[in-house]
Amino acid sequence: MTPRRAEHIALGLMVSGAFLALAILFFIIAVIMIKGLPHISARFLLDNPMDMGRAGGIFSTIVSTIYLLVVSLVIAIPLGVGTAIYLTEYTEEGKITKIVRFGTECLAGVPSIILGLFGFILFVIKLGFGWSVLSGGISLAIMILPVIIRTSEEAIKSVPQAFRDVNEVLGGSKWQGVTRLVLPNAAPGILTGVILSVGRGIGETAVVIFTLGTSLRTPFSIFDSGRSMAVHFYILAREGISMSNAYATAAVLVFSILIINVISYYLMHKFVEGRR
Amino acid sequence: MRTETIVIEARDVSLHARGRKILDNIVLDIRRNEIFGIMGPAGSGKTSFLRLINHTFRAQDVVLGGALYVLGEDVLSEDVNPTSLRRKVSMVFATPVVLPMSIFENLVYGLRIQGIKDKAVLREAAERGLKAAILWEEVRDRLHKPAQKLSGGQQQRLCIARAMAMSPEILLLDEPTSGLDPISTLRIEEALKELKRHHTIVLVSNNTKQIARVSDRCAFFLMGELIETGETSRVFTVPKEKKTDDYIAGRFG
């Protein structure tokens, strides 16, 4: 085989691989939309599920999903951004940063079902939070923490060192530099990480089913149980309750993730442009 | 008559970092209201010396020796308060660093971090800084426009203005015109000559012509050693040391 021929074959394989990946994505979205969209209506979005989800809408699961995400972000953002600030601004590159970084990488590698079980044992049973938005929120926060730490770190590192030097020679403390110059300039990058982790959290089932529970009631208190959209879909499909409602839920879910991805892509672009 | 009080006094200042000699027994005086030039080739220790003055020298395993009095306080001692020192001794870097905010916010950054909120005080400081850096006329109508829109030379004068808005007693300049065109350089040199009426300026440069043009007295550093110091006119006409003569004649450097 001539090098030229090998080149052609390799290129052909790579291009078809790329198109296959794209085709699979479109196929999944198309199937879900075709099967789900006809069942989506304003009533479906605004009514509570009835008869275990055979009838009615998914309103309570939308509320549960949003509530869960908000609680997990409220926990994960300060912790994650704080860790990133510590790693980039307050320590020299060395043993400690390596250990913390390795730890967060490992945390990212923990299977979500294990995290779910851990959350169940610690928050639901030992600490007595029960199946609740709180238990689910903390467990989900642990899951998305590595994403937030990593993206925040990158965003903070991309802020020019010279800004910190200016702050220093004008008599600013390190913390003033962080709050007045570093964080405002890193904010778009941090936001991108937050949105990415929302995308991960919104589709999560393993962690959520163990910690938030599966109650179809609309949660009000942080100690109420609930059922996220992803879990609702899982139960509807797994137990064969209503395939049409399952697909409709999936369509709403996929749509939300799509919107979130588009927003994060847009923000990331804006962020990169702004840096130029 | 100029009062010739000494504002910076180096007494056998030596500096080692990671076992490497950076400064070796530097002895010199810098007087009030003068432009003191420090020249020398790269690696001569001139920037390190400048950074000792406002306590921004950073390296690992630093060993200091001697004493460096800045406005009467030994800044090499343990108990120096860097924040209050830097309010009296400001600094401008080689490349202009404007913060991604408006011209006005750049100017008052140093005051804001001191907790000053009074609009009149901030405005007055911004104007004073801009006038000191001879930039007022050019930007007075667009103080709230982004500072990054200014030209390179204007940005560097904005950096000087930002330092001067804090009314420091001493201004440290680390090769402030190294990236600028001759006209921008000229403007900055003019501004410096104005500034020395009320301030003391320490100018580090490896541009000997600039040192000759603007400084009153100067020092020549070479490999961490102070080779020669004195009146600029004297150093450039009858240098006492052969090395100084070679350097200003451009035979090395």
Listed residues B:PHE221, B:PHE252, B:PHE236; which is over 13 Å from B:ILE35 (Cα atoms), in contact with a helix residue (DSSP H, G or I) (Cβ under 9 Å, 6 or more places away or on another chain) and in a helix (DSSP H, G or I)? B:PHE236
Within segment B:114-128, track down each residue that is surrounded by 12 or more Cβ atoms within 10 Å (Cβ to Cβ) and in a loop (DSSP other than H, G, I, E, B). B:GLN114, B:ILE116
Would you check which residues across segment B:233-249 are over 18 Å from B:VAL27 (Cβ atoms) and polar (S, T, N, Q) and list them? B:SER233, B:THR237
Within segment B:86-113, which residues are buried (at least 17 other Cβ atoms within 10 Å of the Cβ) and in a helix (DSSP H, G or I)? B:ARG86, B:ARG87, B:LYS88, B:ILE103, B:PHE104, B:GLU105, B:ASN106, B:LEU107, B:VAL108, B:TYR109, B:GLY110, B:LEU111
Return the residues of segment B:46-64 that are under 18 Å from the mean Cα position of the chain (by Cα) and either within 14 Å of chain A (Cβ to nearest Cβ) or surrounded by fewer than 23 Cβ atoms within 10 Å (Cβ to Cβ) (or both); say none if nothing qualifies. B:THR47, B:SER48, B:LEU50, B:ARG51, B:LEU52, B:ILE53, B:ASN54, B:HIS55, B:THR56, B:PHE57, B:ARG58
Out of all the residues in segment A:176-195, is one or more within 25 Å of A:LEU46 (Cβ to Cβ) and surrounded by 21 or more Cβ atoms within 10 Å (Cβ to Cβ)? no
Residues in segment B:156-179: is at least one more than 15 Å from the chain's Cα centre (by Cα) and without any contact (Cβ under 8 Å) to a residue 40 or more places away in the chain? no
Counted residues, segment B:65-87 - those being at the interface with chain A (Cβ under 9 Å from one of its Cβ atoms) and more than 26 Å from B:VAL139 (Cα to Cα): 5
Residues of segment A:86-98 classified as surrounded by fewer than 20 Cβ atoms within 10 Å (Cβ to Cβ) and of a type in the set (A, V, I, L, M, F, W, C), total: 1
Across segment B:134-174, what is the total count of residues that are among the basic types (Lys, Arg) and in a loop (DSSP other than H, G, I, E, B)? 1
With (1) without any contact (Cβ under 8 Å) to a residue 40 or more places away in the chain; (2) on the phi > 0 side of the Ramachandran plot as the list, and B:ARG112 as the residue in question, which single condition is left unmet? (2)
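The numbers here are math on the coordinates, done by the rules we state, and not lab data. The shown structure was predicted, so the numbers you read here are calculated from the model rather than taken from an experiment. Quick reminder, even Gly has a Cβ in these numbers, built from the backbone with ideal geometry, and neighbours come from all protein chains shown.
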